[in-house]
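Data first, discussion second: the structure below is written as structure tokens.
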Amino acid sequence: MESSYLIIALLVMATTVTVFMGMRMQRLHRENVISAALHIGGNGAPSLRELELAKPRSERMLMPLLRRMHGFGRMLTPARNLTQLQHNLVLAGLSNRLSLTDFLGLRFLSGLALGVTLFLVSSSNRPPLLALLFAFAGFIAGLYMPNLWLHSKVRNRQRAIERSLPDALDMMSICVDAGLGFEAAMQKVTTQWDTELSLEMQRVINEIRLGVARVDALHNLIHRTGATDVANFVAVLIQADKLGIAIKDVLRTQADQMRIRRRQRAEETAQKAPLKMLFPLIFFIFPAMFAIILGPTIPRFLRIFG
């Protein structure tokens with residue numbers, strides 16, 4: 001019995017590490033990897049082995065395992081969902097750190113670990129057929145846990161971009177009033193801030209420098225973020241450019257509108273708070289309060305009416 005508990009604990013730990021390892025790897029930047037490799041290689045150019053050894057140990061151990069299992073994940077994923085998963089990885093900002101192949105392997109490994117864990121837990125005191133049913137349900141649940149995590153990353157990134165957009169437009173408006181151009185003002189934002197929006201603006205600047213038209217670079221920004229405020233700002237900016245309206249007026253007006261919209265979203269979230277607090281109050285806090293307040297009186301009532 002003790003050995004079975006040990007196996008269950010190890011499988012639960014493996015499931016947790018598998019699902020949340022991607023969350024840790026996304027915090028590591030390529031600049032740190034290259035600088036570490038340069039430090040290892042001295043003044044000369046780093047070799048491929050040094051670049052590989054400079055990566056975190058978790059990435060070097062987990063990524064090959066995920067790539068080996070991506071075939072099973074691809075078989076269990078409908079073909080129509082592959083494009084959507086790839087787009088979600090782009091929206092979450094993970095496309096350069098977690099490929100579609102790695103994500104499919106992560107799905108299968110998560111489902112396998114959770115299914116085996118539930119089978120071992122339920123097989124000790126339930127019939128084998130019921131244990132297999134629990135294992136199948138756990139496999140399906142584990143298969144979609146990375147999807148839920150990915151959707152959460154997309155929502156959080158879009159909210160972060162929408163929150164920082166008014167401040168970025170304010171800074172760009174000030175820079176344009178000072179005499180800078182649109183790209184130079186955007187470059188000023190990227191040098192001052194280290195946010196998701198500033199990283200996307202830097203990609204826009206890099207695309208423009210490589211010869212991509214400004215309109216196409218801004219459309220690519222919409223594709224990579226998926227934020228409604230960014231889409232509205234880009235649409236207004238392109239329309240103003242066609243009509244010959246000054247960029248500084250567009251930036252100032254859009255900054256005011258984005259700030260009003262941000263305040264409205266904050267007020268809407270605050271109005272939802274009492275409704276969200278209702279369920280924890282009813283099911284967790286009120287029963288504990290009643291037990292503390294009325295608990296000492298129950299024996300007395302039992303003696304009186306007994």
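Table: residues versus (1) in contact with a helix residue (DSSP H, G or I) (Cβ under 6 Å, 6 or more places away or on another chain); (2) exposed (fewer than 15 other Cβ atoms within 10 Å of the Cβ); (3) hydroxyl-bearing (S, T, Y).
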position: E207; (1), (2), (3): yes, no, no
position: V212; (1), (2), (3): no, no, no
position: L218; (1), (2), (3): yes, no, no
position: R224; (1), (2), (3): yes, no, no
position: T228; (1), (2), (3): no, yes, yes
position: I247; (1), (2), (3): yes, no, no
position: Q254; (1), (2), (3): yes, no, no
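Could you tell me whether any residue of the range 115-122 is modelled with pLDDT under 85 and hydroxyl-bearing (S, T, Y)? So far as the range 115-122 goes, yes, one or more of its residues are modelled with pLDDT under 85 and hydroxyl-bearing (S, T, Y).
For D194, indicate whether it is surrounded by fewer than 19 Cβ atoms within 10 Å (Cβ to Cβ) and either over 18 Å from D256 (Cβ atoms) or out of contact with any helix residue (DSSP H, G or I) (no Cβ under 8 Å at 6 or more places or on another chain) (or both). Outline the logic, then answer.
Numbers: surrounded by fewer than 19 Cβ atoms within 10 Å (Cβ to Cβ): yes; either over 18 Å from D256 (Cβ atoms) or out of contact with any helix residue (DSSP H, G or I) (no Cβ under 8 Å at 6 or more places or on another chain) (or both): yes.
For D194, the condition - surrounded by fewer than 19 Cβ atoms within 10 Å (Cβ to Cβ) and either over 18 Å from D256 (Cβ atoms) or out of contact with any helix residue (DSSP H, G or I) (no Cβ under 8 Å at 6 or more places or on another chain) (or both) - is met.
Can A141 be described as more than 26 Å from H87 (Cβ to Cβ), in a helix (DSSP H, G or I) and of a type in the set (A, V, I, L, M)? I'd like the intermediate steps shown before the answer.
Working: more than 26 Å from H87 (Cβ to Cβ): no; in a helix (DSSP H, G or I): yes; of a type in the set (A, V, I, L, M): yes.
No; evaluated as a whole, the condition is false for this residue.
Restricting the range 187-229 to residues that are farther than 21 Å from K153 by Cβ and among the hydroxyl-bearing types (S, T, Y), the residue that is nearest to the chain's Cα centre (by Cα) is T190.
For the range 154-164, does any single residue satisfy the condition of being surrounded by 17 or more Cβ atoms within 10 Å (Cβ to Cβ), among the basic types (K, R) and farther than 30 Å from T77 by Cα?
Keep residues of the range 154-164 that are surrounded by 17 or more Cβ atoms within 10 Å (Cβ to Cβ), which gives 154, 157-158, 161-164.
Retained after the next criterion (residues that are among the basic types (K, R)): 157, 163.
The next check asks that each one be farther than 30 Å from T77 by Cα; those that pass are 163.
Yes, that holds for at least one residue.
Across the range 171-184, the qualifying residues are those that are buried (at least 18 other Cβ atoms within 10 Å of the Cβ) and touching a residue at least 24 places away in the same chain (Cβ under 8 Å), and the one among them that is farthest from I247 (Cα to Cα) is M172.
Of all residues in the range 93-134, those that are of a type in the set (G, A, S), surrounded by fewer than 20 Cβ atoms within 10 Å (Cβ to Cβ) and touching a helix residue (DSSP H, G or I) at 6+ places or on another chain (Cβ under 7 Å) total 5.
The values are calculated or read from the model by the stated rules, or taken from the named source; none is laboratory data. Everything quoted here is computed from the prediction, not taken from an experiment. Heads up, the Cβs are rebuilt from the backbone with ideal geometry, glycines too, and the neighbour counts pull from every protein chain shown.
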